[in-house]
Amino acid sequence: MVELLQMWALVEVLGLLCLPLTITVFHNLPDRGWAFSKAIGLALLAFCVWLPLMWVQALPFSRLFIAGVLLILTAFSMIGFIRVRRDLAKLVSANIFYIAVCEAIFLGMVFLLGWIRSYGPDIRSFEMFMDEGFLAAIMRSPHFPPNDMWLSGYAINYYYYAHFTIATLAKLLGQSPSIAFNTGICIFFGLTAVNLFGVSCNIVSWARHLRSKNTASAFSRERQSADVTRNNEVGPDRPDTVFPPLAGAIPYGLFTMIMGQVLGNLASTQQWWKLHDDLPPLYWFDASRVIDKTINEFPAFSFLLSCFHAHVLTLAFTILALGLAFNLFLEHGGDGRGRGLRVFGSGWRLPFTMGTTALILGGLFTMNGWDFPTDLTITVICIALQQWLAYRSRFSLELVLDVFTAGASLAALSFFLYAPFYLNFVSPLQGIGLVSPGDRSPISDEALIYGMFVFIFVSMVFANLLRPRLSAQVVAIKNSLTANSNGLSKLAGTFKQDPAYRDAMEDASVSHGDVQIGSNLSTASGPYLATPVRQQLLHQPGDRDTTTSMVEATTDQSLADSSPSGIQPTAHTRSSRAGWLDMRLISLVLIMGVALLAFAILKNGLTFAVAFTIAALGAALALYHIHDRPRAFTLLLGALAFGLVAMTEIIFLKDVFAASYPRMNTVFKFYFQAWALLSIASGAGLYFILDGFRPAAVVAGMRRWIWHGGRALWSVMLALFILAGLVYPVVGSYQRTNQFTQRTNSLDGLNYMQSYDPGDYYAIRWLNSTIQGDPVIVEAYGPQGGDYSDYGRISAFTGLPTLMGWAGHEYQWRVNWLNKDSNAADFYRRGSDINSIYTDTHPGVVLALMAHYNAQYLYVGPLEQMTYTGANLQRFKSFMKIVYAADGVTIYQVP
């Protein structure tokens, strides 16, 4: 466990060194990116090491080179600390408890998984040889791109960049690949946890800040003159100028982390409920295979498996990209700021924010190509919505050009930064297919996967559908007060003293940094007023008394004064704003109609209809609440998640499994993303749901009891869902670790081989300690390619490239690369050439084949002896040099 402590400490140091950058980039978030600093630090170090190695072949991938890059970053960091020292001091003093919780979460989650892995750190079974091979090959490669351990002479044609980030840390620390496999997965577990926590805490903290500012400003300020309104903001502070308290958001961040990373799906709960007295041996694994012919992994399963696959390692950076998108969405747009490229900030903030955002987004494709389109899409959507608000919700050609400029520049830069990867990569994607009716997902299976998320997010949807109606409480108050002849001041003064007014104003207010209801009913500091409140106060049936006219006149004047161009609101503008509620209802009807039509047309289309309906409602409500940016962003995340689920019911991305398992990887990768998106939408959404449960003061008697009863019933249902989700992490980890019976003191994933196959164990240790560089080694080629077996073990644990390892996996990665005849000819002859090397009795033939592949070593161990039983494997000593012989293993070297 000492190695895990070393890697945790290194990541902590990287996070501290990157604080100046994160404070600069995340200038709109309440925590200024503190929760994301570790992931940013890891990403920055990895990129600054990787890019020079890809462009300059003479540079070595060595411990000294990595240390040199780290020293340069440290020097820049010291300069950055001087520039941001005041902001850093304010952040720490305002949110020291939040910072302590962040650090505790990272430390706790890293060592929690480390403790679980200590009961079985073995790198064996499933596809662990593949991931260990990537890690070992990267660490052994003297130059980049890294060698393919299972196809000598070629670079890895897979999403290896996330593996590279851990390889960089391990190389700097001097950890072996078999140790880095386990310490690395623990680090990513901790990074994912703290990033989930950070995104939700920032959303909720800003929402809480806006609510408190709206409440305070609505009752404490008197009407201001037009000149004061022009020169001084009366709304909530700009996000980059305040440090809102984060302590109140911590419960929602913790809930998000638990939802996203700890809880299991309901399928595992159902299976346990039915068979808890006689669970199958692979209960913990079966929970990830719910929908037929697909894979339905979720983070708790993936980290329990310790799957070092691309989609798992990328999860922390996927969530980091969501934090960056929210940061852009919050960019202040008042007085023409925040338009075009200035969505990334002004002055020296612009290049840092844009560059870091592109760095993280672009890295997603090199880590896992499936994540890049999703996160780029949501980032561009956030840019477009921010620009719409910066332009005061007025459509223009300039708006379109600015959205295109910002979005296209970000996408182009994210591609350009990782151009060397694309130059050496051939995508295995083979096109897009349509899902046949028989392959669509049963709604019952979807409920077993996403039931808990549906309950929470649909609750949030209904809470927001009903939310504007709460402002109707103001109507009764207004009708009782307008008879008073004391005019506007007494009306406003009475309203300010009434708790029902406060509740209604909070529920109907527009929450955003540059948009705010003014000091009383007659004042507004932005062009957006709480439309339901305003319309119900000003446009009630009956006579328009003097007070109502005064309110409407002064409100419209305030709109004109606060407009950046002094545009007077017209009757059409006012009526269009009043029609928002009607448009919302019309949209609801249209969405339901499209969903029902799809269900009627599509065979087995119920899952699509339900997912599409939830996604469309979430998107419509996000637009409806666009000025309440934390709420809109939360709704947007949920809408995107259900949109991904709906999409997989219609189309799939073709790969080598398309013939027999057409949707397997499409559902696999997009459902994994949807789980993360829904975790944040549910965790942050919980705040908005509970906020919606606050009863208005005028609700009394039986209605108030019904209100409280509904809240209690909902809370009980949520608690039951959480308890159901906790079954998997408890029972699954108990089963996965063999009842926690045998704990080791080391996280070295190779140690098990000392008893399993001691000959290979000591030979691998010798190779790793003795052989430098990346010479080619020949080992046995298994039947049917040897996939999911012990074949390819030597290259996997040493990183030494062999002629052919798991052929089926190589085919998956290179299916389009094989379209070239010369590549295909070389690929398909290797298996027979390996067999000839071991079986041909002519030394000249063997040496010629070894020379053809530039192979320098030949491995003869127990597996080779079992595979080539009829061959004389002792004959090699007559024409090759023995460099190692022990425990039934002999390693020969070509003279």
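The values are calculated or read from the model by the stated rules, or taken from the named source; none is laboratory data. Here the structure is a predicted model, which is why all the values come from computation and not from measurement. Glycine gets a Cβ as well: all are built from the backbone with ideal geometry, and neighbour counts include every protein chain shown.
Could you list, in sequence order, all residues of segment 645-676 that are among the β-branched types (V, I, T) and in contact with a Lys or Arg (Cβ under 6 Å, 6 or more places away or on another chain)? Step through it out loud before you land on a result.
Taking segment 645-676 as the starting set, the residues that turn out to be among the β-branched types (V, I, T) are 645, 648, 650-651, 656, 666-667.
Passing the criteria: none in range.
Within the set G153, G108, the sole residue that is farther than 24 Å from D655 by Cα and more than 24 Å from the chain's Cα centre (by Cα) turns out to be G153.
Residue-wise test of (1) within 25 Å of the chain's Cα centre (by Cα); (2) outside any helix (DSSP H, G or I).
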| position | (1), (2) |
| --- | --- |
| I383 | yes, no |
| L401 | no, no |
| F404 | yes, no |
| L413 | yes, no |
| G433 | no, yes |
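For segment 67-75, the criterion of being assigned to a helix (DSSP H, G or I) and surrounded by 23 or more Cβ atoms within 10 Å (Cβ to Cβ) is met by none of the residues.
For segment 279-291, give me each residue that is without any contact (Cβ under 8 Å) to a residue 24 or more places away in the chain and closer than 16 Å to N665 by Cα. Result: S288, R289. Could you tell me whether segment 727-737 includes any residue that is assigned to a helix (DSSP H, G or I), surrounded by fewer than 20 Cβ atoms within 10 Å (Cβ to Cβ) and of a type in the set (V, I, T)? Yes.
Could you pull out the residue among N327, N214 that is at pLDDT 90 or above, part of a helix (DSSP H, G or I) and not aromatic (F, W, Y)?
None of the others qualify; the one that does is N327.
Pick out the one residue from L266, L275, L305 that is at pLDDT below 90, surrounded by fewer than 23 Cβ atoms within 10 Å (Cβ to Cβ) and not polar (S, T, N, Q).
Values: L266 fails: at pLDDT below 90; L305 fails: at pLDDT below 90.
Sole residue among the options that is at pLDDT below 90, surrounded by fewer than 23 Cβ atoms within 10 Å (Cβ to Cβ) and not polar (S, T, N, Q): L275.
In this structure, does S587 turn out to be modelled with pLDDT under 70, part of a helix (DSSP H, G or I) and among the polar types (S, T, N, Q)? The answer is yes for S587.
Being at positive phi and of a type in the set (G, A, S) narrows it down to one residue among G33, G68, G15, G41; which is it? Let's see the steps before the verdict.
Numbers: G68 fails: at positive phi; G15 fails: at positive phi; G41 fails: at positive phi.
Of the residues listed, the single one that is at positive phi and of a type in the set (G, A, S) is G33.
When A89, A58 are checked against the criterion of being loosely packed, with under 12 Cβ neighbours inside 10 Å, part of a loop (DSSP other than H, G, I, E, B) and aliphatic (A, V, I, L, M), A58 stands alone in meeting it. Condition check: at negative phi, out of contact with any helix residue (DSSP H, G or I) (no Cβ under 7 Å at 6 or more places or on another chain) and crowded, with 24+ Cβ neighbours inside 10 Å. Does V645 satisfy that? Taking the combined requirement at face value, the residue does not satisfy it. In segment 74-101, the residues that are of a type in the set (D, E, K, R) reach residues that are at pLDDT below 95 and surrounded by fewer than 12 Cβ atoms within 10 Å (Cβ to Cβ) with C-beta atoms within less than 9 angstrom, at least six apart or across chains, in these pairs: R83/W348.
Applying the condition of being more than 15 Å from L73 (Cα to Cα) and surrounded by fewer than 23 Cβ atoms within 10 Å (Cβ to Cβ) to segment 1-26 and asking which residue is modelled with the lowest pLDDT yields M1. Filtering segment 738-768 to residues that are farther than 22 Å from D790 by Cβ and either without any contact (Cβ under 8 Å) to a residue 60 or more places away in the chain or part of a helix (DSSP H, G or I) (or both) leaves only Q739. When Y892 is tested against (1) crowded, with 19+ Cβ neighbours inside 10 Å; (2) touching a helix residue (DSSP H, G or I) at 6+ places or on another chain (Cβ under 7 Å); (3) not in a strand (DSSP E or B), only condition (3) is not met.
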